[in-house]
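Have a look at the structure below before the remarks.
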Amino acid sequence: LDIEGAFPNVVPERLLHDLQMAGIPNQYIKFMDRMLTDRRTKLKFDDYESPWIPIISSLGQGDPISLISFLFYNPGLLRIPQDDREDAVAFVDDTAFLA
């Protein structure tokens with residue numbers, strides 16, 4: 001299972017919830033909340049510059065902390081296997097289900 005557009009489609013509220021459920025200390029959750037709040041971007045090319053565009057979801061593509069954060073996102077995928085003959089292995093946006 002390849003989660004297409006994994007980083008751009010992360011819902012910040014869900015990530016913060018998943019971090020809390022994983023027992024991550026509150027100081028780190030607050031840090032992530034600050035990182036994911038009030039973000040914006042502009043598009044620039046040729047002679048064009050867009051107005052500021054709010055970023056309401058996503059993790060920063062290429063940001064080292066994004067890789068670590070995504071490991072905590074949607075942990076339920078790893079709980080899908082139902083018995084000892086099934087397993088799930090994940091790395092960032094790729095998940096493999098083994099039977």
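The values are calculated or read from the model by the stated rules, or taken from the named source; none is laboratory data. Quantities reported herein were computed from a predicted structural model and do not represent experimental measurements. Cβ placement follows ideal geometry from the backbone for every residue including glycine, while neighbour counts extend to all protein chains displayed.
For the reader, a short list of remarks on this structure follows.
- Residue match in the range 5-28 (condition: of a type in the set (A, V, I, L, M) and modelled with pLDDT under 75): yes
- Count - residues of the range 50-60 that are over 16 Å from Glu13 (Cα atoms) and either surrounded by 10 or more Cβ atoms within 10 Å (Cβ to Cβ) or hydrophobic (A, V, I, L, M, F, W, C) (or both): 3
- Taking the range 32-44 as the range and being closer than 13 Å to Ile65 by Cβ and loosely packed, with under 13 Cβ neighbours inside 10 Å as the test, only Arg34 passes.
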